[in-house]
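The values are calculated or read from the model by the stated rules, or taken from the named source; none is laboratory data. Being a predicted model, the structure only gives us computed values, none of them experimental. A quick note on method: Cβ atoms are made from the backbone with ideal geometry, for glycine too, and the neighbour counts reach across all protein chains shown. Heavy atoms of the whole protein, side chains included, go into the accessibility calculation; ligands, DNA and RNA do not. Shrake-Rupley method; radii C 1.70, N 1.55, O 1.52, S 1.80 Å.
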Amino acid sequence: MTDLMIFGISVAFSFVAWGAVCSRYIWPFVRSRSLPDAATPLLYLNVFRFVGASFLVPGVAGSLPRAFAAPGAFGDLFAVVLAGVALMLLRRPAGYAALWLFNLWGAGDLLFAFYQGLFDEDFHPSALGATFYIPTVYVPLLLCVHFMLFALLLKARSMSTNAAAGS
């Protein structure tokens, strides 16, 4: 079995596991709450994205190509900043926009990294070293979180549209 197959199987199983956890435990907890109350714990899961900076540490990341490591690391660090801003603004008028900005950037950053990993001929999962667990364990959780945030944002938008139409 190749390292790419093991990597793919690990990612797939992680999506199944986190999907089950999110649908069974996290989504029922957040779906009936106000947007700020629902988004807060989901944003806190993203403040740990600083671990993506470990892609830049050769002894930790193995031999990752810089073209993969730098966008992944800096994209995650920027997502941490955006998550923090969204947390600070969540109960203010700008909170909705900050949450959209964070969610679009954060999901795009993760999807871009997966795209790079799949289509960059210089990327090999074995080059991840100790950071192997970031894309195989943490990233699937974060993508599930982004999916839930999109659902919450669209629900809040729909509710505000309906409320405006009713007045």
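When only residues in segment 1-60 that are among the polar types (S, T, N, Q) and open to solvent by less than 60 Å² (accessible area, probe 1.4 Å) count, which is farthest from Val85 (Cα to Cα)?
Step one: of segment 1-60, the residues among the polar types (S, T, N, Q) are 2, 10, 14, 23, 32, 34, 40, 46, 54.
Imposing the further condition that a residue be open to solvent by less than 60 Å² (accessible area, probe 1.4 Å) reduces the set to 10, 14, 34, 40, 46, 54.
Numbers: Ser10: 32, Ser14: 29, Ser34: 18, Thr40: 12, Asn46: 12, Ser54: 23 Å.
The selected residue is Ser10.
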The correct count of residues that are modelled with pLDDT of 95 or more and of a type in the set (D, E, K, R) in segment 93-127 is 1
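On the given criteria, is Leu90 within 20 Å of Ser14 (Cα to Cα), touching a helix residue (DSSP H, G or I) at 6+ places or on another chain (Cβ under 6 Å) and either buried (at least 18 other Cβ atoms within 10 Å of the Cβ) or at pLDDT below 95 (or both)? Steps first, please.
Values: within 20 Å of Ser14 (Cα to Cα): no; touching a helix residue (DSSP H, G or I) at 6+ places or on another chain (Cβ under 6 Å): yes; either buried (at least 18 other Cβ atoms within 10 Å of the Cβ) or at pLDDT below 95 (or both): yes.
Criteria not met by Leu90.
I need the helices (runs of 4 or more DSSP H) fully contained in segment 1-63, keeping only those with at least 3 residues that are within 29 Å of Ala73 (Cβ to Cβ) and among the hydrophobic types (A, V, I, L, M, F, W, C).
Values: elements: 3-21, 27-30, 35-46, 58-61.
Once the helices (runs of 4 or more DSSP H) in segment 1-63 are filtered for at least 3 residues that are within 29 Å of Ala73 (Cβ to Cβ) and among the hydrophobic types (A, V, I, L, M, F, W, C), what remains is 3-21, 35-46.
Within segment 128-159, which residues are at pLDDT below 90 and open to solvent by less than 70 Å² (accessible area, probe 1.4 Å)?
If we filter segment 128-159 for residues that are at pLDDT below 90, which is where we start, we get 156-159.
Ala156, Ser158, listed by residue number.
Is it the case, given these coordinates, that Gly95 is surrounded by 15 or more Cβ atoms within 10 Å (Cβ to Cβ), under 16 Å from Leu149 (Cα atoms) and not β-branched (Val, Ile, Thr)?
Numbers: surrounded by 15 or more Cβ atoms within 10 Å (Cβ to Cβ): yes; under 16 Å from Leu149 (Cα atoms): yes; not β-branched (Val, Ile, Thr): yes.
For Gly95, the condition - surrounded by 15 or more Cβ atoms within 10 Å (Cβ to Cβ), under 16 Å from Leu149 (Cα atoms) and not β-branched (Val, Ile, Thr) - is met.
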